[in-house]
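Inspection log for the structure reproduced underneath, given as C-alpha cells.
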Amino acid sequence: SSFSATLARDCAAMRGLLADSTVFDRPGRLHALVLDNVVSGHSMLDVVASLALLYRPRLLMFLYTGHGSAPSAASAAPAALRFQHGLVGAVQLAPLLRACRARTTLVLLDCCYSTGIFHNVGFPGLAVVPACGENQWVAPGFTRKILVPVLRGVCPQHCATPACAKCQQFATAGRVSLWPLLEHLRHHLSVS
C-alpha cells in the first residue's frame, strides 16, 4: 500500500540522518534504533523496556510514524498508537519512557489523533510534538519532508520564507537546543 511505502521512506530518511556524522555533535555517543514493520504494540513496548534497562540517555527522542486511533466515547478509551495487532496508549508507554531516566524525553507523533495521545499523561522532562493539527489528521511526509530537513538545518522548501533563518536558530555549534527546535517544528506545522 502507499502508506507502507510512506513509512518505508520515513524510516530510510531517519536512518540516513542518524548515519550522517555531521548532523550530531557527538556521533560516537549516539545510540540509534529505527524499527520498521512493527506489527504489535507489545513488541514496541518490549523494545522501550529493554532500552530502559540498557541506557540512561541525556536526551531520548522517540518518533512514532504510523497510525493513530481516535478516542472512543463509548468505552472511554483515549487516543492511542495503532498497530496491526493492538493499541498502545500513553498510559502504557509513558512509564517505560520515564524508566529510561533521560533528562529530556522528546516524543514526536507522526500519526492522526496525536494531539490526544499524551493529553493527560506526562512526567518531568517530557516534551510531546503531535504532527496533526486541530483536524486530527496528518498528511504523509512530516518525518521525511519536515523533521529530517529541520534536523539537518536545510528546510527552506517548507518555510514561509526562502532560506528561513529559523532553521538555523535551534542549532548552535553542532548542538540542537531543544526548546527552539520545538518552536521551529511548531512553525512548520502551522504553515504546512
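The values are calculated or read from the model by the stated rules, or taken from the named source; none is laboratory data. These numbers come from a predicted model, not from an experiment. Cβ atoms come from the backbone with ideal geometry, glycine included; neighbour counts cover every protein chain shown. The area values use the complete protein model at the heavy-atom level, side chains included, leaving out ligands, DNA and RNA. Shrake-Rupley method; radii C 1.70, N 1.55, O 1.52, S 1.80 Å.
Pull up the range 1-47, narrow it to residues that are acidic (Asp, Glu) and open to solvent by 50 Å² or more (accessible area, probe 1.4 Å), then point me to the one that is modelled with the lowest pLDDT.
25
Scanning the range 96-135 for residues that are out of contact with any Leu (no Cβ under 6 Å at 6 or more places or on another chain) and in a strand (DSSP E or B), which turns out nearest to residue 65 (Cα to Cα)?
Only one residue fits best here, namely 110.
Kindly provide the set of residues from the range 84-95 that are at negative phi and either of a type outside the set (A, V, I, L, M, F, W, C) or not in a strand (DSSP E or B) (or both), ordered by number. Before the answer, list the steps.
Within the range 84-95, the first condition is being at negative phi, and the residues that meet it are 84-85, 87-95.
Those that are at negative phi and either of a type outside the set (A, V, I, L, M, F, W, C) or not in a strand (DSSP E or B) (or both): 84, 85, 89, 90, 91, 92, 93, 94, 95.
All but one of (1) among the aromatic types (Phe, Trp, Tyr); (2) modelled with pLDDT under 90; (3) crowded, with 19+ Cβ neighbours inside 10 Å hold for residue 55; which doesn't?
(3)
Residue check: is residue 73 over 17 Å from residue 7 (Cβ atoms) and modelled with pLDDT of 95 or more? It would help to see each step written out before you state the result.
Details: over 17 Å from residue 7 (Cβ atoms): yes; modelled with pLDDT of 95 or more: no.
No.
Scan the range 136-151 for residues that are assigned to a helix (DSSP H, G or I) and either open to solvent by less than 20 Å² (accessible area, probe 1.4 Å) or at pLDDT below 80 (or both) and report the count.
The initial filter retains those residues of the range 136-151 that are assigned to a helix (DSSP H, G or I), namely 142-151.
Pick out the ones that are also either open to solvent by less than 20 Å² (accessible area, probe 1.4 Å) or at pLDDT below 80 (or both) and you get 142-143, 146-150.
Of the residues in the range 136-151, 7 are assigned to a helix (DSSP H, G or I) and either open to solvent by less than 20 Å² (accessible area, probe 1.4 Å) or at pLDDT below 80 (or both).
Please verify whether residue 50 is modelled with pLDDT under 90 and polar (S, T, N, Q), treating the condition exactly as stated. It would help to see each step written out before you state the result.
On the way: modelled with pLDDT under 90: no; polar (S, T, N, Q): yes.
Considered against the rule, which asks whether it is modelled with pLDDT under 90 and polar (S, T, N, Q), residue 50 comes out as no.
Restricting attention to the range 59-83, and to residues there that are open to solvent by 40 Å² or more (accessible area, probe 1.4 Å) and in contact with a helix residue (DSSP H, G or I) (Cβ under 9 Å, 6 or more places away or on another chain), which single residue is nearest to residue 122 (Cα to Cα)?
Here the answer is 78.
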